[in-house]
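Beneath this line is the structure, given in structure tokens, with notes to follow.
The values are calculated or read from the model by the stated rules, or taken from the named source; none is laboratory data. Since we're looking at a predicted model, the values are computed, not measured. When we count neighbours, we look across all protein chains shown, and the Cβ atoms used for this are built from the backbone with ideal geometry, even at glycine. Areas reflect the complete protein model, heavy atoms only, side chains present, ligands, DNA and RNA absent. Shrake-Rupley method; radii C 1.70, N 1.55, O 1.52, S 1.80 Å.
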Amino acid sequence: MIKIEKTWRAMGTTNSVILYGTNEKRYLDESIDLVRKYENLLTVNRDYSAVMSINKAAGKHPVQVPATVYQLVKRAVMVSRENFGFNVAIGPLVKLWHIGFSDANVPEKTDIIKRQRIISPDGIVFNDDDLSVYLPTAGMELDLGAIAKGYIADRLKNLWQAQGQLAGIINFGGNIVLLNPAPHKQNGLWRVSVRNPLVQHGEKIASFTTPAASIVTSGVAERHLMVDGKMYHHIIDSGTGYPHDNELASVTVISPESIDGEIETTRLFFNDGPLDGDYPFAAIFIYRDKSIQLVNMEQSNFKIINSEFYLKES
């Protein structure tokens, strides 16, 4: 099967795209251009972006933004107000820790408390008539890092669908999107690898098959800070001001849309495991003791390769 692929750096991670059934490399260029366009709108790691314009006007005035940015920010705020761990207003606290960057550090408790006072999403004001967003307190900052990659991956999938692509793989670090049935398999299922979440860039420990879907993984090892033998991961709890402390090493959610996977990995990580009731997506929980728990996935479809890991008794 003919295929083309490209790898590049963006959104703070290594990205790759693969298209099957075409040798037209312009499609790869168009894919990268789309990612850059949305990153330029949504990033908070540069001086200028649509989201940064909102942040810089905090406590001063509303800021009108493009419709795509407005809709994404509004959804992120509405989800944040559910208070399950996801918080788009956590920017000041994230920047205080800055885990994943060269100046990462463990902040003073007094500094954490100060930042906690300005990270509530409840007072953020939206105006649907002019698509403006207002952060009511000086120092507030939005951070779409917990949702932007999923949103952009979905937009790239939509582009490929509009182009009539046969099949493809979008890989934005912990976000994978599979387009259409796998062209190299008679049953059309894709085989997805599960990496060791206890170490950076861990080796393959398991695999499973799935129809075309989004697979989002959030874990503690890929971005972390080691200080005096203690690891601080990047998933910060708004309530405590510190990385959320539990026994989970990673959560993977398999869903139709990548943006939903982004939201749900956070929900499940802060829930410390599966939710009660009828959960709508498939999920994989890997714990620090190397046990694995599957939700809405047949054990026969999950193959463990590393014998140090094992399935929990259901």
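At-a-glance table
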item: Members of segment 13-30 found to be crowded, with 17+ Cβ neighbours inside 10 Å and either assigned to a loop (DSSP other than H, G, I, E, B) or in contact with a His (Cβ under 9 Å, 6 or more places away or on another chain) (or both), listed by number; result: Y20, T22
item: Members of segment 130-185 found to be over 26 Å from M52 (Cβ atoms), open to solvent by 50 Å² or more (accessible area, probe 1.4 Å) and part of a loop (DSSP other than H, G, I, E, B), listed by number; result: G164, L166, N180, P181, H184, K185
item: Filtered residues of segment 41-69 (kept if open to solvent by 30 Å² or more (accessible area, probe 1.4 Å) and modelled with pLDDT of 95 or more); result: L41, S53, K56, G59, K60, H61, P62, Q64, P66, A67, T68
item: Total residues in segment 280-289, condition without any contact (Cβ under 8 Å) to a residue 40 or more places away in the chain and assigned to a loop (DSSP other than H, G, I, E, B); result: 2
item: Candidates E222, E247, E257, filtered to the one that is among the acidic types (D, E), farther than 30 Å from L19 by Cα and in contact with a strand residue (DSSP E or B) (Cβ under 9 Å, 6 or more places away or on another chain); result: E247
item: Which numbered condition Y232 fails, given (1) open to solvent by 30 Å² or more (accessible area, probe 1.4 Å); (2) over 18 Å from A146 (Cα atoms); (3) assigned to a strand (DSSP E or B); result: (2)
item: Matching residues in segment 244-259 - criterion: being touching a residue at least 12 places away in the same chain (Cβ under 8 Å) and surrounded by fewer than 19 Cβ atoms within 10 Å (Cβ to Cβ); result: H244, N246, E247, P256, E257
item: Y38 vs. criteria modelled with pLDDT of 95 or more, within 30 Å of A138 (Cα to Cα) and not aliphatic (A, V, I, L, M); result: yes
item: From G202, G239, G277, G273, residue being part of a loop (DSSP other than H, G, I, E, B), touching a Lys or Arg at 6+ places or on another chain (Cβ under 7 Å) and surrounded by fewer than 21 Cβ atoms within 10 Å (Cβ to Cβ); result: G202
item: Hits in segment 290-304 - residues which are over 23 Å from the mean Cα position of the chain (by Cα), open to solvent by 90 Å² or more (accessible area, probe 1.4 Å) and touching a residue at least 12 places away in the same chain (Cβ under 8 Å); result: Q299, K303
item: Meets criteria (open to solvent by 20 Å² or more (accessible area, probe 1.4 Å), touching a strand residue (DSSP E or B) at 6+ places or on another chain (Cβ under 7 Å) and either part of a strand (DSSP E or B) or under 30 Å from S16 (Cα atoms) (or both)) for R191; result: yes
item: Test: P121 is surrounded by fewer than 22 Cβ atoms within 10 Å (Cβ to Cβ), of a type outside the set (V, I, T), in a loop (DSSP other than H, G, I, E, B) and on the phi < 0 side of the Ramachandran plot; result: no
item: Test: residue in segment 205-213 that is assigned to a helix (DSSP H, G or I), over 30 Å from R115 (Cα atoms), open to solvent by 20 Å² or more (accessible area, probe 1.4 Å) and of a type in the set (G, A, S); result: no
